[in-house]
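The values are calculated or read from the model by the stated rules, or taken from the named source; none is laboratory data. Because the structure is predicted, anything quoted here is derived from the model rather than measured. Reconstructed Cβ throughout: ideal geometry from the backbone, glycine too, with neighbour counts over all protein chains shown. What goes into the accessible areas is simple: the full protein's heavy atoms, side chains included, and nothing from ligands, DNA or RNA. Shrake-Rupley method; radii C 1.70, N 1.55, O 1.52, S 1.80 Å.
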Amino acid sequence: MKKPDNLTLIAVWEFFTAFAAFVAIVITAFFAFPDATNNISGSAVPGTVFLFSISILVLICYGGIAIAGGVGLLKGKEWGRILSIVHAAPSLLSFPIGTVIGIIIIMYLSKTEVKAYFQDRDKVTI
């Protein structure tokens, strides 16, 4: 079966958002943590450090799902399609552009011919 047209474009979007998550991690680590660990008395503010740690953990998971989904899409794996749908779900909260892109990705990856492509590719063993 022929590879659906927009899979490469969706994979590029996955990699772009993973890169954006990486940039957000770097910005948080370099700019937020020094401010969070130094207050007037010089001791760490536990709540702030915890909040930034959780946000970095969430961004690592988000970026990991994006990278895995993009690689899976390019390799034609069913798990890549599923991870890309999972990755598109949080985009729905980013109104208006993220919402539109998330809806387009979810609708495209849920099409019958796209599902059939991935299911056929999973049956082939190399």
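Pairs needed: first member in segment 81-108, open to solvent by less than 50 Å² (accessible area, probe 1.4 Å); second member anywhere, of a type in the set (Phe, Trp, Tyr); C-beta distance under 6 Å; at least 6 residues apart or different chains.
Arg81/Phe118
Report yes if some residue within segment 33-49 is open to solvent by 50 Å² or more (accessible area, probe 1.4 Å) and at pLDDT 90 or above; otherwise report no.
No, there is no match, as no residue in segment 33-49 is open to solvent by 50 Å² or more (accessible area, probe 1.4 Å) and at pLDDT 90 or above.
Looking at segment 92-126, which of its residues are at pLDDT 90 or above and either in a loop (DSSP other than H, G, I, E, B) or among the hydroxyl-bearing types (Ser, Thr, Tyr) (or both)?
Leu92, Leu93, Pro96, Thr99, Tyr108, Ser110, Lys111, Thr112, Tyr117
Mind checking which residues of segment 101-124 are of a type in the set (Val, Ile, Thr) and touching a helix residue (DSSP H, G or I) at 6+ places or on another chain (Cβ under 9 Å)? Steps first, please.
Taking segment 101-124 and keeping what is of a type in the set (Val, Ile, Thr), we get 101, 103-106, 112, 114, 124.
Across segment 101-124, the qualifying residues are Ile101, Ile103, Ile104, Ile105, Ile106, Val114.
Please work out which one of (1) out of contact with any Leu (no Cβ under 6 Å at 6 or more places or on another chain); (2) modelled with pLDDT of 95 or more is the condition Ile65 fails and give its number.
(1)
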